[in-house]
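J.: The structure's right below; bear with me while I get my questions together.
The values are calculated or read from the model by the stated rules, or taken from the named source; none is laboratory data. Keep in mind the model is a prediction, meaning the values are calculated, not measured. Note that we place each Cβ from the backbone using ideal geometry, even for glycine, and neighbour counts take in every protein chain shown. All accessible areas refer to the heavy atoms of the entire protein, side chains included, with ligands and DNA or RNA removed. Shrake-Rupley method; radii C 1.70, N 1.55, O 1.52, S 1.80 Å.
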Amino acid sequence: MNVNVFPFAGNDGRKTCRLILRVSETGHLFTGFFFCTTLNAMKEMKKTALTGIVLLLFLFTLSGQGNKEAAVYPTGGKNVQNTDISTILVDLNTLYQYLNINYLYDIDIDEVQDNLTKALIASLDDPYAMYVGEEDMEEETEALTGVYTGIGIYLTKTDPAFIDWEDESTYMVQVQSPFPGGPADIAGIRARDLISHVDGKSVAQMSADEVSSLLRGEEGVPMTLVVHRGESMFEVSVTPEDVAVPSVNSTMIPGTEYGYISIATFTTSTYPLVSSALSSLSAQNMKALIIDLRNNGGGTTNSAYLVANFFLDNDDTIVNIEKKDGSSVRIKASDQTRKYNLPVVILVNGGTASASEILTGALKDNGKAVIIGENTFGKGVMQDVLPWNKGAIHFTSARYLTPEGNDINEIGIHPDIKSEIPEMNSEQLMSYYDFISRHSQDILSWMENNSAYTKENIEAFASQWQENADFDPYYLKLLIRNQYIADMNWEDRPVADPVYDITLAQAVAYLDGAL
């Protein structure tokens, strides 16, 4: 671990503060903070917060970070910013000193720093740049790790404005599903249970977000839930703990020897979840694998690298990363994971972006997977995450190329086999939503009279209503099919549907012909 200390003078020129950066031997930045020798110096540092921003920005022009992780890349001492920002800082300091003396009220220096930081980030004209304040850092961390403190349930809650006091499901929390092995699951909470009180507090007038926050609780501190199940009402004690959001689902495709893994997002939990899924599918004599990355908007790139490593040969290139100063880094596969040498199909669409495009490009260019679906999103740039002012700053710091050197930014990855999903133009799309609006009650009535989730019922619904629909009958089938699934207990919902999921059906047909 290296500790780099940069002297930094306070406004009076006498009190000394130092900016301390802790850097690992491999160049990974761990922390950065100010240390001041006296209390007065600390006060002066608050007044020079903007200068601190500039100093750190200067230091980080000499460094960079991998997406979601900090990594230092040397620039050979080149000045990558020609604008003399010191003039702007002098002007701002003059303005601040004048206002501090003449403005009737006190100036909140923390708010000044916060707003100046936001303004600087906004000036980058970077669609992926953002400043995450201290108040949002918990969500930021959860999004990156896929782990949060709570009882581990998926829930739904009707907006309080639409309460029907004769229907208890409209003013209670409905459990869609407990996370397998989580605190709620262990405590006996089941799908479709209703929760009316949390530690004596009624949830009736709370929004879904408010209830979700309440149910997070405090790690290790038991909470009491009032649970309603059918005609029964009872109390359950649940102790919140760190739980991983299940972002990976897997199954064997019915009637085949093909495994199926869907990855919703890439977090630090993704690799072990995929590893477990692969082991389970292998034990079921999997002969080929379908990886579903549709609507996966990305996440931590390291997770994508690790998943790619399951299927690539040692030293195969996963991705090439290019920095502003012209330096580049080639990420290669290694022998650190078990290898799966089997046919792989990857499903993609317009929502497949960033880290999921890295995985797709790695397997496609190395000849390890066939890509089926629609053109991917095309996010071929990476963002650094810089710890800042108890929050974090995201900014684009590098572009990446696929193993064959393709720049996919704003272009995307073209599938090997294009999806055959019927397309709807704008008029048909409007007609589709109008159909749902006009026939919502008819759909519910159909569900009551034809409650079984069968292909026959789905086909019958489409046949009955296709004359009233000015769009492809496939979307009628998808509409009623999705309604059936939404009414199921979470654990009963199919992980994969090769009948009405056209892209998945194409993947199965391709593997049938290839094997």
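J.: For region 180-201, what are the residues that are farther than 17 Å from Ser213 by Cα, surrounded by fewer than 18 Cβ atoms within 10 Å (Cβ to Cβ) and touching a strand residue (DSSP E or B) at 6+ places or on another chain (Cβ under 6 Å)?
T.: Ala187, Ala191 - these are the residues of region 180-201 that are farther than 17 Å from Ser213 by Cα, surrounded by fewer than 18 Cβ atoms within 10 Å (Cβ to Cβ) and touching a strand residue (DSSP E or B) at 6+ places or on another chain (Cβ under 6 Å).
J.: If only one of Asp325, Asp292 is in contact with a Ser or Thr (Cβ under 9 Å, 6 or more places away or on another chain), in contact (Cβ under 8 Å) with a residue 24 or more places away in the chain and crowded, with 24+ Cβ neighbours inside 10 Å, which one is it?
T.: None of the others qualify; the one that does is Asp292.
J.: If a residue has to be open to solvent by less than 10 Å² (accessible area, probe 1.4 Å) and over 23 Å from the mean Cα position of the chain (by Cα) to count, how many in region 268-289 make the cut?
T.: Count: 3.
J.: So which helices (runs of 4 or more DSSP H) are wholly in region 415-510 and hold at least 3 residues that are touching a helix residue (DSSP H, G or I) at 6+ places or on another chain (Cβ under 9 Å) and either among the polar types (S, T, N, Q) or closer than 30 Å to Ile358 by Cβ (or both)?
T.: Of the helices (runs of 4 or more DSSP H) lying wholly inside region 415-510, those with at least 3 residues that are touching a helix residue (DSSP H, G or I) at 6+ places or on another chain (Cβ under 9 Å) and either among the polar types (S, T, N, Q) or closer than 30 Å to Ile358 by Cβ (or both) span 455-465.
J.: I've got another one for you. Could you list, in sequence order, the residues of region 248-267 that are within 15 Å of Ile346 (Cα to Cα), open to solvent by less than 40 Å² (accessible area, probe 1.4 Å) and without any contact (Cβ under 8 Å) to a residue 40 or more places away in the chain?
T.: Val248, Gly259, Ile261
Conditions tested, residue by residue: (1) more than 25 Å from Tyr258 (Cα to Cα); (2) open to solvent by 40 Å² or more (accessible area, probe 1.4 Å); (3) modelled with pLDDT under 95.
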position	(1), (2), (3)
Asp472	yes, yes, yes
Asn482	no, yes, yes
Ile485	no, no, yes
Asp492	no, yes, yes
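J.: For region 95-126, give me the residue count where each residue is out of contact with any Phe, Trp or Tyr (no Cβ under 9 Å at 6 or more places or on another chain), over 19 Å from Gly391 (Cα atoms) and not in a helix (DSSP H, G or I).
T.: Count: 5.
Every residue, every condition in (1) touching a Pro at 6+ places or on another chain (Cβ under 6 Å); (2) crowded, with 16+ Cβ neighbours inside 10 Å; (3) modelled with pLDDT under 90, yes or no:
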{"residue": "Asn389", "(1), (2), (3)": "no, yes, yes"}
{"residue": "Thr396", "(1), (2), (3)": "no, yes, no"}
{"residue": "Gly405", "(1), (2), (3)": "no, no, no"}
{"residue": "Ile408", "(1), (2), (3)": "no, yes, no"}
{"residue": "Gln441", "(1), (2), (3)": "no, no, yes"}
{"residue": "Thr454", "(1), (2), (3)": "no, no, no"}
{"residue": "Glu459", "(1), (2), (3)": "no, no, no"}
{"residue": "Ser463", "(1), (2), (3)": "no, no, no"}
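J.: Moving to a separate point now. Would you confirm whether or not region 337-357 contains a residue that is open to solvent by less than 10 Å² (accessible area, probe 1.4 Å) and of a type in the set (D, E, K, R)?
T.: Taking every residue of region 337-357 in turn, at least one turns out to be open to solvent by less than 10 Å² (accessible area, probe 1.4 Å) and of a type in the set (D, E, K, R).
J.: If you check every pair at least six apart or on different chains, which have Cβ atoms under 7 Å apart with a residue in region 401-415 that is under 17 Å from Gly350 (Cα atoms) first and a residue that is assigned to a loop (DSSP other than H, G, I, E, B) and among the hydroxyl-bearing types (Ser, Thr, Tyr) second?
T.: Hits for this filter: Ile408/Thr402; Gly412/Thr376; Ile413/Thr376.
J.: Could you go through region 227-238 and let me know if any residue there is in contact (Cβ under 8 Å) with a residue 12 or more places away in the chain and part of a loop (DSSP other than H, G, I, E, B).
T.: No, region 227-238 contains no residue that is in contact (Cβ under 8 Å) with a residue 12 or more places away in the chain and part of a loop (DSSP other than H, G, I, E, B).
Every residue, every condition in (1) open to solvent by 40 Å² or more (accessible area, probe 1.4 Å); (2) more than 30 Å from Pro387 (Cβ to Cβ); (3) of a type in the set (A, V, I, L, M, F, W, C), yes or no:
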{"position": "Ile151", "(1), (2), (3)": "no, no, yes"}
{"position": "Asp159", "(1), (2), (3)": "yes, yes, no"}
{"position": "Trp165", "(1), (2), (3)": "yes, yes, yes"}
{"position": "Glu168", "(1), (2), (3)": "yes, yes, no"}
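J.: So in region 494-515, with the set limited to residues that are modelled with pLDDT under 90 and over 25 Å from Ser177 (Cα atoms), which one is least open to solvent (accessible area, probe 1.4 Å)?
T.: The extreme case among them is Ala514.
J.: Something else: Do you know which residues across region 355-391 are in a loop (DSSP other than H, G, I, E, B), touching a Ser or Thr at 6+ places or on another chain (Cβ under 9 Å) and charged (D, E, K, R)?
T.: Glu374, Lys379
J.: Pull out all pairs, ordered by first then second residue, where Cβ-Cβ is under 6 Å, the residues are six or more apart or on different chains, the first lies in region 452-474 and is farther than 16 Å from Ile502 by Cα, and the second is hydrophobic (A, V, I, L, M, F, W, C) and surrounded by fewer than 18 Cβ atoms within 10 Å (Cβ to Cβ).
T.: So the pair list comes out as Phe471/Met424.
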